[in-house]
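One structure is given below, encoded as structure tokens.
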Amino acid sequence: MVNIILFGPPGAGKDTQAGRLVEKYGLNHISTGDIIRDEIRRKTALGRSVEEHIERGELAPDAIVIDIIADYLAGHDRCRGNIFDGFPRTVPQAEAFDSMLADRGLHVDMMLSLEAPEEELVARLLLRGTSSGRADDMNEEVIRNRIRVYERQTAAVAHHYAAQECHIPVKGVGTVDEIFCRLCTHIDSML
Ligand code: ADP
């Protein structure tokens, strides 16, 4: 079973590329952002407890997100592989993830890290906000805060996996097809 982290700042294109990778390689896709938004929509206890964090562009608490992943792994122990999108986003999440995988005799096979300049990220997210209806994509201040949160709390996760020699930076600028090709080249060389 292969486990791939699709990494990068908000707006780097993780969701778009994850959808295509899932189709091409027959992997499962798990997006903690999608799960959290669904919980908020359904007004569950979990959703209500994280709603304010998300509206401000802050992260949900580690314990909540780690539980989401633990549930996911428990229900997907026989699949071909997984693409983790938006997780792990902090070093404690990465450490918990590594140990959950290790308990199953697994590890992170590669972290594909999409890179794009901040102004491009902001422009993409504002554009997405006009069609997605996501409140955190409509306000430039919240978008810039998410990018600051990424730099402050999430970027270190790349160093964590660089130390395990599975971090691969990928240029996230160009057409969707070009970026997809770059990602596939790395995955093909691993499989
Ligand atoms: P994006 O990558 O475009 O910011 P996501 O859909 O991945 O969007 O996440 C939306 C929001 O959900 C994040 O800004 C954050 O508040 C919350 N979230 C998602 N994944 C995590 C995580 N692993 N840890 C903490 N918060 C998370």
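The values are calculated or read from the model by the stated rules, or taken from the named source; none is laboratory data. Note that this is a predicted model, so its numbers are computed, not measured. Cβ coordinates were reconstructed from backbone atoms using ideal geometry, including for glycine residues, and neighbour counts include every protein chain displayed. What goes into the accessible areas is simple: the full protein's heavy atoms, side chains included, and nothing from ligands, DNA or RNA. Shrake-Rupley method; radii C 1.70, N 1.55, O 1.52, S 1.80 Å.
Kindly list, by first and then second residue, each pair from a residue in the stretch 92-112 that is at pLDDT 95 or above to a residue that is loosely packed, with under 15 Cβ neighbours inside 10 Å and not in a helix (DSSP H, G or I), limited to pairs with Cβ atoms under 6 Å and residues at least 6 apart or on different chains. Sorted first by the residue in the stretch 92-112, then by its partner, the pairs are 101/107.
This table checks each residue for (1) open to solvent by 50 Å² or more (accessible area, probe 1.4 Å); (2) out of contact with any Pro (no Cβ under 9 Å at 6 or more places or on another chain); (3) in a helix (DSSP H, G or I).
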| site | (1), (2), (3) |
| --- | --- |
| 9 | no, yes, no |
| 21 | no, yes, yes |
| 48 | yes, yes, yes |
| 58 | yes, yes, no |
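Just so you know, in the stretch 127-178 the residues that are under 25 Å from residue 98 (Cα atoms) and among the acidic types (Asp, Glu) include one that is nearest to the ligand (Cβ to nearest atom), and it is 151. Answer yes if at least one residue in the stretch 104-111 is under 24 Å from residue 184 (Cα atoms), open to solvent by 60 Å² or more (accessible area, probe 1.4 Å) and under 18 Å from the mean Cα position of the chain (by Cα), and no otherwise. Yes, the stretch 104-111 contains a residue that is under 24 Å from residue 184 (Cα atoms), open to solvent by 60 Å² or more (accessible area, probe 1.4 Å) and under 18 Å from the mean Cα position of the chain (by Cα). Only one entry in 151, 165, 178, 120 is among the acidic types (Asp, Glu) and not in a helix (DSSP H, G or I), namely 165. A count restricted to the stretch 23-32 and to residues that are in a helix (DSSP H, G or I) and either within 11 Å of the ligand (Cβ to nearest atom) or modelled with pLDDT under 95 (or both) stands at 1. Close Cβ contacts (under 7 Å, 6 or more residues apart or on different chains) running from residues in the stretch 76-88 that are in a strand (DSSP E or B) to residues that are within 9 Å of the ligand (Cβ to nearest atom) and not hydroxyl-bearing (Ser, Thr, Tyr) comprise 85/14; 85/15.
If you go through the stretch 96-118 one residue at a time, do you hit one that is of a type in the set (Val, Ile, Thr) and under 24 Å from residue 169 (Cα atoms)? The answer is yes, given that some residue of the stretch 96-118 is of a type in the set (Val, Ile, Thr) and under 24 Å from residue 169 (Cα atoms). Determine whether the stretch 51-67 contains at least one residue that is basic (Lys, Arg) and within 22 Å of residue 113 (Cα to Cα). No: the stretch 51-67 contains no residue that is basic (Lys, Arg) and within 22 Å of residue 113 (Cα to Cα). Taking the criterion of being free of Cβ contacts under 8 Å to residues at least 40 places away in the same chain and aliphatic (A, V, I, L, M), the residues of the stretch 39-61 that qualify are 40, 45, 46, 50, 60. Only one entry of 54, 35, 69 meets the criterion of being assigned to a helix (DSSP H, G or I), within 12 Å of the ligand (Cβ to nearest atom) and within 20 Å of residue 2 (Cβ to Cβ), and that entry is 69.
Within the stretch 72-95, restricting attention to residues that are open to solvent by less than 10 Å² (accessible area, probe 1.4 Å) and among the hydrophobic types (A, V, I, L, M, F, W, C), the residue that is farthest from residue 151 (Cα to Cα) is 73.
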